[in-house]
Amino acid sequence: MNYQAASSVAAARLGPDDKFLAGGQSLLGAIKLGLAAPEGLLDVRRLPELQGIGVASGAVRIGAATPHAVVAASAEVQRAIPAVADLAGRIGDRQVRNLGTLGGSLANNDPAACYPAAVLALGATVHTASRQIAADDFFQGLFTTALQEGELITAVSFPIPKAAGWQKFKQPASRFSLVGVFVARFDSGARVAVTGAGPGVFRCHELEQALSRDWSAAAARAVKVSAEGLNTDLHGTAAYRAALIPELAARAVDH
């Protein structure tokens, strides 16, 4: 396997069977399990264009190679969208938080990953080296995104909500979300995104309607979520996950 460190975003060009490497917390695990076999790795984690956190024009912009631990510790994120700092601080374990990156999590789009819920609930914009992609268009199913072959995420812009919260019921071995719910309130209404419950992150429109009328834990708990299309596995049935969604939404509103 060939390894190279990219010198700049402009020079970060993949070969036909190469992969970008940031924190490696998803990709290296997949390689070890035989689920991925790239011929080469192009390391982008040290590119300054992919680093840093800033707040401007009503949004928090986070560089794609910024580790979860840096997001969690950021005073700017804690002030502007504390729910995002809280989410980042509860991803995986210390190694994952110090090595894993925002861009890597989104590009992998694991159906139980935490960050996709924040991106979708906040209606964030995913910036790549060539374009901008709205969150509602970015996530397209199991490990599938709108990214084209060789397209590199450079940053994500999160609109600052009036209120937001995050809660997850974690699978204790992996610390991925058995179910995770991110809620956000804007002047235009509420957005709610769920991870871990289905084949990919999704918006829960029943909860959005209820919380747009009444931003309260009671309103969230009163919602009945259908189990149709949700996951059933050794950790929990579809019905169990359906029952968790409004409960976690209620706790996120109160958090």
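Each reported figure results from applying straightforward, stated rules to the coordinates on display, with no laboratory input. These numbers were taken from a predicted model, which means no experiment stands behind them. Here the Cβ positions follow ideal geometry from the backbone for every residue, glycine too, while neighbour counts run over all protein chains shown.
Between residue 10 and residue 255, residue separation times 0.36 nm minus the direct Cα-Cα distance comes to 84.1 nm. Axis of helix 238-254 versus longest Cα principal axis of the chain: the two differ by about 90°, to the nearest ten degrees. Database remark: amide H of residue 170 closer than 5 angstrom to the amide H of 178 (H placed geometrically; neighbours at sequence offset of 5 or more, or on other chains; Pro and chain starts carry no H). Scaling against 2.2 N^0.38 Å puts the C-alpha radius of gyration of the stretch 163-254 at 1.00.
Among 237, 195, 66, the ranking by other beta carbons within 10 Å of each residue's beta carbon, starting with the fewest, stands as 237, 66, 195.
Per-residue 3J(HN,Hα) values for the stretch 69-83, derived from phi via the Karplus relation 6.51 cos²θ - 1.76 cosθ + 1.60 with θ = phi - 60°, read 5, 5, 5, 4, 8, 5, 5, 5, 5, 4, 6, 7, 9, x, 5 Hz in sequence order (x marks Gly and Pro).
Along the stretch 46-63 the Karplus relation, 6.51 cos²θ - 1.76 cosθ + 1.60 evaluated at θ = phi - 60°, assigns HN-Hα couplings of 9, 5, x, 5, 9, 10, x, 9, x, 10, 7, 6, x, 9, 9, 9, 10, x Hz to successive residues, with x for each Gly and Pro. Taking amide H positions as modeled 1.01 Å from N, with prolines and chain starts lacking one, the residues under 5 Å from residue 60 and 5 or more places away or on another chain are 158, 160.
Computed packing ranks the peptides 178-186, 41-49 as 178-186, 41-49, most packed first, by mean other Cβ atoms within 10 Å. Each Cα pair of the stretch 194-235 feeds into the Kirkwood radius, which the Stokes-Einstein equation turns, at 20 °C and 1.002 mPa s, into a diffusion coefficient of 187 µm²/s.
In vacuo Debye scattering of the chain, one point per C-alpha: log10 I(q)/I(0) at q = 0.11, 0.13, 0.17 Å⁻¹? Log10 I(q)/I(0), no solvent term: -0.56, -0.78, -1.30.
Its convex hull of Cα atoms gives the stretch 50-159 a direction-averaged projected area, equal to a quarter of the hull surface, of 6.2 nm². Across the stretch 163-254, the relative contact order, built from alpha-carbon pairs under 8 Å that are at least six residues apart, equals 30 percent.
Length gained on full extension, residue 137 to residue 213, computed as 0.36 nm times the residue gap minus the Cα-Cα distance: 24.8 nm. The alpha-carbon positions of the stretch 93-156 define a convex hull whose volume is 87 Å³ per residue. Among 115, 3, sorting on how many other beta-carbon atoms sit within 10 Å of each Cβ, with the fewest leading, yields 3, 115. Sequence-ordered 3J(HN,Hα) estimates for the stretch 112-129 from the Karplus curve with 6.51, -1.76 and 1.60 and θ = phi - 60° stand at 10, 5, 7, 4, x, 5, 5, 4, 6, 5, 8, x, 6, 10, 8, 9, 10, 5 Hz, glycine and proline given as x.
Taking label positions 7 Å along the Cα-Cβ direction at both residue 98 and residue 31, the computed distance is 2.1 nm, reported to one decimal. Per-residue ellipticity at 222 nm for the chain, helices alone: DSSP H runs ≥ 4 residues times -39500 (n - 2.57), over residue total, nearest 500 deg cm²/dmol? Dividing the helical sum by the residues of the chain leaves -8000 deg cm²/dmol.
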